[in-house]
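Input: a single structure, listed below in structure tokens.
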Amino acid sequence: MKTFDFLIVGAGIFGISTAIELSKRKYSVGVLNPDTIPHHLAASTDISKAVRLEYGSDREYFEMTEICIDRWREWNDFFQTPLYHEVGFLMLGRDSLDSPGHSFEKASIELLHEKGYSTEMLQHDELRKRFPIINHSLYPFAHYNPVGGYVESGKVVATLANHALQLGVKIHSQETAQELRVESGRLTTIKTREGESFSAGLTIISAGTSTPFLVPDLRPYMKITGHPVFHIAPPEIDRCKAPWLPVFTADISNTGWYGFPLHPVQGVVKMAKHTKGMELHPWHDDRTITDAEVDEFKNFRRESFPSLANAPLVYTRRCLYTDTLDGHFWIDHHPEVNGLAVSSGGSGHGMKMGPIIGEMTADIAEGKTHRFSARYRWRELDAHTIQAEEARFVENRKLG
Ligand SMILES: Cc1cc2nc3c(=O)[nH]c(=O)nc-3n(C[C@H](O)[C@H](O)[C@H](O)COP(=O)(O)OP(=O)(O)OC[C@H]3O[C@@H](n4cnc5c(N)ncnc54)[C@H](O)[C@@H]3O)c2cc1C
């Protein structure tokens with residue numbers, strides 16, 4: 001039996017950032033993860049994830065992202081490689097800013113200005129000149145914020161896993177937690193599918209979509225939802241590169257559509273949808289994108305990026321959110337089982353928070369509170385719970 005002060009189950013951004021933080025605090029830390037790290041099915045494993053200050057009226061996520069952006073910049077220097085690309089963030093709207101459908105964009109801009117950020121409202125002509133690949137006639141409203149961009153998420157996890165090893169974290173890849181053995185109200189042993197046993201003073205489940213299956217008490221509060229991702233190979237790459245195309249949202253709170261500039265390594269443009277998604281089982285259900293979803297994407301692309309209408313669609317994927325019903329992360333000890341905690345519930349927006357998630361989870365693990373931890377504690381949610389992440393297109397704001 002291998003024993004640690006802290007055992008982390010799952011090496012996505014939640015788990016690996018926590019392992020690093022706890023190791024820095026001089027604890028012995030073990031990590032379990034199946035196959036390789038980054039894992040090909042993990043939500044954190046992707047070519048890009050958006051980093052945005054634009055969270056509507058949500059001050060807490062705004063302030064958390066502010067801290068994270070500073071730390072992403074530091075990580076670029078510390079790791080001597082571009083993990084975070086500050087290409088800016090463009091919000092496009094199909095209606096005037098004051099229309100009811102643009103409350104997300106309006107509140108985001110008000111908060112940015114209140115916090116002293118200088119941003120730009122672009123009129124049609126300016127939009128056409130600055131970002132020529134976008135169909136400016138479709139978007140009467142365009143707002144550009146130079147602060148923000150994207151992280152190469154899979155590369156981030158690989159880089160952090162290496163750093164964790166250098167700090168002395170014991171990473172057990174090829175180990176899949178399967179059974180949590182609880183005796184007299186205390187978690188005593190983690191048995192893996194591969195036949196190994198592990199124990200720790202505290203075990204933190206950061207297993208993404210497997211989390212509510214490893215901790216069934218979370219099932220009423222968490223859902224696994226699938227979201228389509230599309231990569232296209234643009235014929236005219238220069239106009240798809242930053243600064244000609246930043247990270248963008250296209251009327252996101254009414255459509256879900258958003259996208260990225262040309263990826264510097266992969267040479268593709270990624271577009272995806274941030275909506276209610278399709279509920280599915282992470283281990284059993286098929287993740288293939290449907291023809292209807294591809295057609296919907298092609299319609300969006302034809303309308304918003306006419307010159308990309310025939311660009312080859314080179315890759316599609318259904319990536320999974322570990323959704324909490326309110327859209328907030330879940331970071332806390334189990335209320336009844338000693339020695340067990342959870343750090344998960346990324347709900348489609350957790351990657352950008354990597355630089356603070358580890359710190360927050362480590363504080364909770366040590367029995368402390370964190371400036372931002374209150375909202376992510378163990379809580380009662382039900383079918384009436386409102387999904388709070390304002391950028392996300394969810395009809396009547398309910399995931400339940
Ligand atoms: C399509 C899509 C787009 C997104 N876009 C953005 C974005 O633009 N910006 C943003 O900030 N966030 C975004 N997110 C959300 C973000 O990716 C997630 O919130 C974050 O990556 C979740 O990290 P995690 O560590 O909780 O989970 P994961 O990255 O899924 O990691 C979980 C890890 O646990 C491991 N594991 C699973 N089961 C077990 C087990 N039994 N034993 C041991 N290990 C196990 C897995 O192999 C995996 O490595 C997006 C997510 C998706 C799906």
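Between segment 288-325 and segment 145-176, the alpha-carbon centres lie 27 Å apart. Using a 1.4 Å probe over the heavy atoms of the protein chains, calculate the carbon and sulfur portion of the accessible area of the chain as a whole percent. For the chain, the apolar C and S fraction of the accessible surface comes to 49 percent.
Among 121-130, 6-15, 229-238, the peptide with the highest mean count of other Cβ atoms within 10 Å heads the list, and the full ranking is 6-15, 229-238, 121-130. In µm²/s, what is D for the chain at 4 °C and 1.567 mPa s, where D = kT/(6 pi eta Rh) by Stokes-Einstein and Rh is the Kirkwood radius from Cα pairs? Reported coefficient: 60 µm²/s. Helical runs (DSSP H, four residues minimum) scored at -39500 (n - 2.57) apiece and divided by the length of the chain put the mean residue ellipticity at 222 nm at -7500 deg cm²/dmol.
Taking amide H positions as modeled 1.01 Å from N, with prolines and chain starts lacking one, the residues under 5 Å from PHE4 and 5 or more places away or on another chain are SER199, ALA200, GLY201. Spatial offset of segment 17-55 relative to segment 87-138 amounts to 32 Å, using the alpha carbon center of each.
Put THR3, THR290 in order of accessible area, highest first, and with a 1.4 Å probe you get THR3, THR290. Solvent-accessible surface of segment 351-391, averaged per residue with a 1.4 angstrom probe and all protein chains in place: 39 square angstrom. Measuring only protein heavy atoms, the 1.4 Å probe finds TYR117 accessible over about 50 Å². Once the Cβ-Cβ distance of ASN76 and GLN123 is raised to the sixth power relative to R0 = 41 Å, the FRET efficiency obtained is 0.75. Paramagnetic label reach from LEU167 (point 7 Å along Cα→Cβ; backbone nitrogen cut-off under 20 Å): within segment 15-47, residues 15-34, 37-39, 44-45.
Calculated accessible area for segment 1-158 comes out at 39 Å² per residue, all protein chains present (probe 1.4 Å; ligands, DNA, RNA ignored). Since only SER206, LEU122, GLY168 are under comparison, the one whose Cα sits farthest along the positive direction of the charge dipole of segment 108-213, derived from C-beta charges on Lys, Arg, Asp and Glu, is GLY168. When the surface is traced with a 1.4 Å probe over the full set of protein chains, SER206 keeps roughly 10 Å² accessible. Packing here is the average count of other Cβ atoms within 10 Å per residue, and on that basis the peptides 86-96, 354-364, highest first, run 354-364, 86-96. A viscosity of 0.692 mPa s and a temperature of 37 °C, combined with the Kirkwood radius over Cα pairs in Stokes-Einstein, give a translational diffusion coefficient for segment 229-268 of 304 µm²/s. Solvent exposure of segment 188-321 amounts to 40 Å² per residue of accessible area, where only protein heavy atoms count and the probe is 1.4 Å.
The values are calculated or read from the model by the stated rules, or taken from the named source; none is laboratory data. Not measured: the values here are computed from a predicted model. Cβ atoms come from the backbone with ideal geometry, glycine included; neighbour counts cover every protein chain shown. Calculation scope for accessible area: heavy atoms of the full protein, side chains included, ligands and nucleic acids excluded. Shrake-Rupley method; radii C 1.70, N 1.55, O 1.52, S 1.80 Å.
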